[in-house]
Amino acid sequence: MKPKIIIFEDPSEISKYAVEQIESELNKKPNLAIGLPTGKTVIPVYNELVRVYKDKKLNFSKTKIFDLDEYIGLSPEQKDSFEYFLNKNLFKRGKIPEKNLHFLKGSAINITRECEEYEEKIKKAGGIDLMFLGIGVNGHIAFNEPGSPFDSRTREVILTYQTKASNFGKIFSLFKSPKRALTIGIGTILESKKIILIATGNHKAKAVKEMLESPASTKCPASALQNHDDVTILLDKKAAALLKKKS
Ligand code: GLP
């Protein structure tokens, strides 16, 4: 089945829609396993989630939450780490119990074991029910950079210059930013029952077009989603600007 594409006139509607999806899945299954990304795109979604969580007293006591990736060498106390980002923007504000949170540890001494154990944790949770994704300007999902096999699992990866420049700025990324990361694999992502990808802004338009309108290829990791049968893509008009077929 082709991904369902929803283009929003007002970007704030994206957050409302995304949070409604979480609420509705949570109502069906209180022990839902959710995968959550980092990035500027999802900050408004997390703000809305915290608002609705407090307003409606959503019950996350049984929910299992998995982050998708992390820089190697960064500890959770470091501001650039994804664990820090998720704690700051969502978990601490939402008072979600710590036992329900799972993070890939970029400071792990044994990286291979860390990745294997993360896959095990996801399996033990019964797989991811609802996977949220952003997309990188080069089409990456989580930290699966172009060239990542569609059956890849949780592993160590080398970050591209483009990704480092987007996340840290051009100058900083040349010298100081982390060069490697841990990420769940594309294979891991494709095993999720339901996937929602969010993209906003002109800078994402090219990657969005390639994800949806080019034949699926490892050149654009997000194009792997064409092979999944429950994918919804939430776009603002800017991110959808280059699409031929708007639906
Ligand atoms: C980061 C993360 C991805 C995220 C993407 C987009 O590198 N690894 O999980 O979806 O890049 O980030 P942003 O929303 O800041 O553009």
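A compact table of results
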{"quantity": "Close pairs from region 14-41: first among the aromatic types (F, W, Y), partner within 13 Å of the ligand (Cβ to nearest atom), Cβ under 8 Å, at least 6 apart", "calculated": "Y17/L234"}
{"quantity": "Residue ID - modelled with the lowest pLDDT, chosen from residues in region 166-184 that are surrounded by fewer than 23 Cβ atoms within 10 Å (Cβ to Cβ) and within 13 Å of the ligand (Cβ to nearest atom)", "calculated": "S173"}
{"quantity": "Of the criteria (1) within 16 Å of the ligand (Cβ to nearest atom); (2) outside any helix (DSSP H, G or I), which one M1 fails", "calculated": "(1)"}
{"quantity": "Residue in region 4-12 that is surrounded by 21 or more Cβ atoms within 10 Å (Cβ to Cβ) and either among the aromatic types (F, W, Y) or in contact (Cβ under 8 Å) with a residue 40 or more places away in the chain (or both) present", "calculated": "no"}
{"quantity": "Residue tally, condition surrounded by fewer than 24 Cβ atoms within 10 Å (Cβ to Cβ) and either part of a loop (DSSP other than H, G, I, E, B) or within 13 Å of the ligand (Cβ to nearest atom) (or both), over region 209-219", "calculated": "6"}
{"quantity": "Checking S81 against (1) under 30 Å from K244 (Cβ atoms); (2) touching a residue at least 24 places away in the same chain (Cβ under 8 Å), the condition it does not meet", "calculated": "(1)"}
{"quantity": "Number of positions in region 9-43 that are assigned to a strand (DSSP E or B) and within 16 Å of the ligand (Cβ to nearest atom)", "calculated": "3"}
{"quantity": "Qualifying residue in region 142-150 (condition: over 27 Å from K237 (Cα atoms) and in contact with a Leu (Cβ under 8 Å, 6 or more places away or on another chain))", "calculated": "yes"}
{"quantity": "Selection count, region 81-112, where residues are buried (at least 16 other Cβ atoms within 10 Å of the Cβ) and within 15 Å of the ligand (Cβ to nearest atom)", "calculated": "11"}
{"quantity": "Failed item in (1) farther than 26 Å from K194 by Cβ; (2) in a helix (DSSP H, G or I); (3) over 19 Å from the mean Cα position of the chain (by Cα); (4) modelled with pLDDT under 95, with V52 passing the rest", "calculated": "(1)"}
{"quantity": "Which listed residue, of T188, T160, T154, is surrounded by 23 or more Cβ atoms within 10 Å (Cβ to Cβ) and free of Cβ contacts under 8 Å to residues at least 60 places away in the same chain", "calculated": "T154"}
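The values are calculated or read from the model by the stated rules, or taken from the named source; none is laboratory data. No experiment lies behind these values; they were computed from the predicted model shown. In this analysis, Cβ positions are derived from the backbone assuming ideal geometry, glycine residues included, and neighbour counts consider all displayed protein chains.
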